[in-house]
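The structure under discussion appears below in the form of structure tokens.
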Amino acid sequence: MSKVKVYATLGSGMPLIPSEVNRRRLNPHDVQIEINYCGVCHSDLHTARNEWGNTIYPCVPGHEIVGRVSAIGTHVTRFKVGDIAGVGCMVDSCGLCFSCKEGEEQYCEGGFTFTYNGPMFGTGDNTYGGYAQNIIVKESFVLHIRHDEKDLAGVAPLLCAGITTYSPLRYWGAGPGKKVGIVGLGGLGHMGIKLAHALGAYVVLFTTSVNKTQDGKRLGADEVVISHDHQQMAAQVNSFDLIINTVAVPHDLNQFLSLLTRNGTMTLVGVPATPHPTFKTYDLIRNRRQLAGSLIGGIRETQEMLDFCAEHSIASEIELIPINYINEAYERMLKSDVRYRFVIDMSSL
Ligand code: NAP
Ligand code: ZN
């Protein structure tokens, strides 16, 4: 065990403060990474404040981690000291169930181990995330980063916001000839736009923030629709093959379901603390529409997404912050005032 510096919260009403936690010793299959950058996901806020009712304290959030390998276990073969590496939302899974065997560890039947707010397989210990000096992770859950080193801060958010939008875009076949809607221009939403555009789809952003219109287009949206403008919404009825809804609060789903074509799908990726108001069943039935969900993505697909982004020069658009700004960043995130992902410069720890 070794002590590492972190930012942690000790209770749901408490701010994040400097602290220390123990990391396990390096096992033969482990990689130790000194963290350069960690993105700030809305899930960090939900968890730090126990909005999902499952937080174990102390809580050290952070699952968009990029850094440099500083030590490797004796059996590690895919990484060497000095490599740039990434860690996303998972650090372990059972490896035996059908989902794990298919490389969809996020749907592990035994439940995968979250990068923070564990518990770890075997020991049951809580896991601590990336608002930290370093992290120790099993080699099979560590990703290779092939972007230019100068872009690393913008790569961090790909590890969650990137894969969470890439996976449903791929699963539901976003590409040329498909019309894709992205609801909400925050961390996930802005990656959704960039990725859907790069995959060749026709992309429409739905936003509640009129002042994000220009940015939506610059990021790759072909059209921007203000979701509380009934006329603009009516013009989009029955036209979407896929809508990815990233909104983190309960809201009316009917306004988006009616925009789907026959057989169209709306995939929810936002996880509000309380349920959405119920939707109109007949809006689904009458056009064989589907309401779906999607959780991050498997390790293999995360590597595919990272390589796709490196090849297409895609990274997140970020606001780099020192760690002592984190509590203010959370408040701004709640006001939809993120352009478009906060990333912590971990040298400030
Ligand atoms: P975020 O940066 O805060 O973005 C959410 C966006 O939703 C806001 O920027 C805003 O965009 C829009 N919004 C906010 N309030 C709204 C309201 N009342 N009505 C309609 N739209 C509203 O959050 P994020 O980091 O992208 O995360 C989004 C959600 O996804 C969170 O619940 C998070 O926990 C979840 N998540 C899920 C997965 C998964 O695997 N499924 C992975 C990561 C995160 P506009 O200003 O454009 O309206
Ligand atoms: Zn996340």
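For this structure, a couple of remarks:
- Residues in the range 75-96 include at least one that is hydroxyl-bearing (S, T, Y) and within 12 Å of I299 (Cβ to Cβ).
- Residues that are buried (at least 21 other Cβ atoms within 10 Å of the Cβ) and either touching a Pro at 6+ places or on another chain (Cβ under 9 Å) or part of a loop (DSSP other than H, G, I, E, B) (or both) within the range 38-53 comprise C38, G39, V40, C41, S43, D44, T47, A48, listed in sequence order.
- For the range 259-270, a tally of residues being exposed (fewer than 15 other Cβ atoms within 10 Å of the Cβ) and either within 16 Å of ligand 2 (Cβ to nearest atom) or in a helix (DSSP H, G or I) (or both) returns 0.
Okay, residues lined up against (1) more than 18 Å from L259 (Cα to Cα); (2) open to solvent by 10 Å² or more (accessible area, probe 1.4 Å); (3) within 14 Å of ligand 2 (Cβ to nearest atom):
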site	(1), (2), (3)
V155	yes, no, no
I163	yes, no, yes
L169	no, no, no
L199	yes, yes, no
N211	yes, yes, no
H228	no, yes, no
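- Here L284, L291 are screened, and the one residue that is without any contact (Cβ under 8 Å) to a residue 40 or more places away in the chain, surrounded by 15 or more Cβ atoms within 10 Å (Cβ to Cβ), not in a strand (DSSP E or B) and not aromatic (F, W, Y) is L284.
- When residues of the range 89-120 are limited to those that are among the aliphatic types (A, V, I, L, M) and crowded, with 18+ Cβ neighbours inside 10 Å, the one farthest from the chain's Cα centre (by Cα): V91
- Any chance R49 is farther than 17 Å from V271 by Cβ and not aliphatic (A, V, I, L, M): no
- So Y325, is it within 14 Å of ligand 1 (Cβ to nearest atom), among the aromatic types (F, W, Y) and modelled with pLDDT of 95 or more: no
- The range 326-340, residues that are touching a residue at least 12 places away in the same chain (Cβ under 8 Å) and part of a helix (DSSP H, G or I): I326, N327, A329, Y330, M333, L334
- You will find that of V183, V142, the residue that is more than 30 Å from N324 (Cβ to Cβ), modelled with pLDDT of 95 or more and away from ligand 2 (no atom under 16 Å from the Cβ) is V183 and no other.
- Condition check for S316: within 16 Å of ligand 2 (Cβ to nearest atom), crowded, with 16+ Cβ neighbours inside 10 Å and part of a loop (DSSP other than H, G, I, E, B): yes
- Hits in the range 54-71 (condition: of a type outside the set (S, T, N, Q), out of contact with any helix residue (DSSP H, G or I) (no Cβ under 8 Å at 6 or more places or on another chain) and open to solvent by less than 60 Å² (accessible area, probe 1.4 Å)): P58, V60, V69, A71
- Within the range 147-190, the only residue that satisfies the criterion of being over 12 Å from the mean Cα position of the chain (by Cα) and among the hydroxyl-bearing types (S, T, Y) is Y171.
- Criterion: modelled with pLDDT under 95, outside any strand (DSSP E or B) and surrounded by 13 or more Cβ atoms within 10 Å (Cβ to Cβ) - qualifying residue of F308, F256, F279: F279
- Among the residues of this structure, L96 does not count as one that is closer than 19 Å to F308 by Cβ and either part of a loop (DSSP other than H, G, I, E, B) or in contact with a strand residue (DSSP E or B) (Cβ under 6 Å, 6 or more places away or on another chain) (or both).
- Selected residue (criterion: farthest from ligand 1 (Cβ to nearest atom)) from residues of the range 14-53 that are among the small types (G, A, S) and touching a residue at least 12 places away in the same chain (Cβ under 8 Å): S19
- Hey, R262 assigned by TED's automatic domain parsing to the domain that holds I182 and on the phi > 0 side of the Ramachandran plot or not: no
The values are calculated or read from the model by the stated rules, or taken from the named source; none is laboratory data. Everything quoted here is computed from the prediction, not taken from an experiment. Neighbour counts are summed over all protein chains in view; Cβ atoms, including those assigned to glycine, are modelled from backbone coordinates with ideal geometry. To get the accessible areas, we keep the full protein, side chains included, count just its heavy atoms, and leave off ligands, DNA and RNA. Shrake-Rupley method; radii C 1.70, N 1.55, O 1.52, S 1.80 Å.
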